[in-house]
Amino acid sequence: MTVFALIIINKAGGLIYNRTFHEGGLNKISTNDYLVLAGTFHGVHAITTRLNPVKNAGGDRTSTSPSVPGAANIVNRPEPSSGLEVLESENFRLQCFNTMTGTKFLLFTDTTQANVDVTIRRVYEMYADYVMKNPFYQLEMPVRCDMFDRKLLSYIREINNR
Amino acid sequence: MVIYSFYIFDRHTECIYSKSWLPPSVSEAPSNPNPPDHPRADRRSKAARAGDDAKLIFGTVFSLRNMVRKLGGDDDAFISYRTGQYKLHYYETVSNLRFVMLTDTAAPSMRNVLHQIYINLWVEYVVKNPLSPVEHKGGEGVKNELFELGLDQFIRGLM
């Protein structure tokens, strides 16, 4: 069970964080390639949302709250289709977590890793605690927060040594 | 398990075969109580929309395959991805023929199924057909009765 790397992509498709935890899991690629990868993934993610073959009918009107005026005109919107969540290849597994604001967390693990969604949510919590609450952090800019680095590293090391 | 659709792309990135098993009521636009606001959108034929889907699918698998190769090494192969609504399976032969299948999210790995389609249907009915052209421009030679029948039976057997 190994976590290889973490990538965070902002809502515009820019790479804002990139860290490798385990050498030899993934090929070493340059920072420039990581930037390209982040942008490509951002685009592909948007396309995978569009490709949904089951476009469920969204025209059914509901009467959930008839007391509210005008509620009769509110159509029950179907759950918006999500983009790519898990990608599997022969050598690794990629889990993507898309936050409400469009920030994407990409976690690369080996193919047998379990409970990656729990791990990725914990990473998101850390991001909220140590990056978003850092008064010196500028939104949508590369993450350079020592606390985040330290906490993330110790958390992932714990998983990798299990 | 539900299989939604199946695509074959040749080495020139062209979609040479596509088939959908969705009932028309599901794949069509949702029942709209109002008449369509854009008659121009309605005028576009179903085939054109299916062609657009095929192009999007090819672009996606092409990008993801390259990404996987870059990260996992040249011997790595992209197998599948899953979203909240569907799962896409991918299989590429040595000759850069690409097989893509869309299923529901609960489906197990369909790699061997795609491999079986290649061996038992593609090679048997398309490659071994003496009248079939080498390149399948516009799906020429792929849409033969035996291949289509065999594929439909095979897929319906899985569902």
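Restricting attention to the range B:135-151 and to residues that are open to solvent by less than 60 Å² (accessible area, probe 1.4 Å) and among the aliphatic types (A, V, I, L, M), the residue that is nearest to B:R11 (Cα to Cα) turns out to be B:V142. Residues in the range A:17-40 that are buried (at least 18 other Cβ atoms within 10 Å of the Cβ) and within 7 Å of chain B (Cβ to nearest Cβ): A:L26, A:L37.
Taking each residue of the range B:113-138 that is in contact (Cβ under 8 Å) with a residue 12 or more places away in the chain and looking for partners that are assigned to a helix (DSSP H, G or I) with beta-carbon atoms closer than 6 Å, six or more apart or interchain, yields B:L121/B:F147; B:L121/B:G150; B:L121/B:L151; B:Y125/B:L146; B:Y125/B:F147; B:V126/B:F147; B:S132/B:V126. Output the number of residues of the range B:51-76 satisfying the condition of being polar (S, T, N, Q) and touching a helix residue (DSSP H, G or I) at 6+ places or on another chain (Cβ under 6 Å). The total comes to 2. Of the residues making up the range A:116-131, not a single one is assigned to a loop (DSSP other than H, G, I, E, B) and open to solvent by 40 Å² or more (accessible area, probe 1.4 Å). Taking the range B:120-148 as the range and being under 16 Å from the mean Cα position of the chain (by Cα) and part of a helix (DSSP H, G or I) as the test, the residues that pass are B:L121, B:W122, B:G138, B:G139, B:F147, B:E148. Using the structure shown, decide if B:Q116 is surrounded by 12 or more Cβ atoms within 10 Å (Cβ to Cβ), within 27 Å of A:L51 (Cα to Cα) and at pLDDT 90 or above. Taking the combined requirement at face value, the residue satisfies it. When you go through (1) within 9 Å of chain A (Cβ to nearest Cβ); (2) under 30 Å from B:L149 (Cβ atoms); (3) at pLDDT below 95 one by one for B:K70, which number turns out not to apply? Unmet condition: (2).
For the range B:76-99, a residue qualifies if it is at the interface with chain A (Cβ under 8 Å from one of its Cβ atoms) and in contact (Cβ under 8 Å) with a residue 12 or more places away in the chain, and the qualifying residues are B:A77, B:F78, B:I79, B:S80, B:Y81, B:R82, B:T83, B:G84, B:Q85, B:Y86, B:L88.
Looking at B:S109, B:S132, just one residue is open to solvent by 20 Å² or more (accessible area, probe 1.4 Å), more than 14 Å from every other protein chain (Cβ to nearest Cβ) and of a type in the set (G, A, S), and that residue is B:S132. Looking across the range A:35-78 at every residue that is polar (S, T, N, Q) and closer than 23 Å to B:S80 by Cβ, the one that is modelled with the lowest pLDDT is identified as A:N56. Taking the range B:52-79 as the range and being farther than 22 Å from B:H12 by Cβ and surrounded by 22 or more Cβ atoms within 10 Å (Cβ to Cβ) as the test, only B:L71 passes.
The values are calculated or read from the model by the stated rules, or taken from the named source; none is laboratory data. Here the structure is a predicted model, which means the values were calculated and not measured. Every residue, glycine among them, receives a Cβ derived from its backbone with ideal geometry; neighbour counts consider all protein chains shown. To get the accessible areas, we keep the full protein, side chains included, count just its heavy atoms, and leave off ligands, DNA and RNA. Shrake-Rupley method; radii C 1.70, N 1.55, O 1.52, S 1.80 Å.
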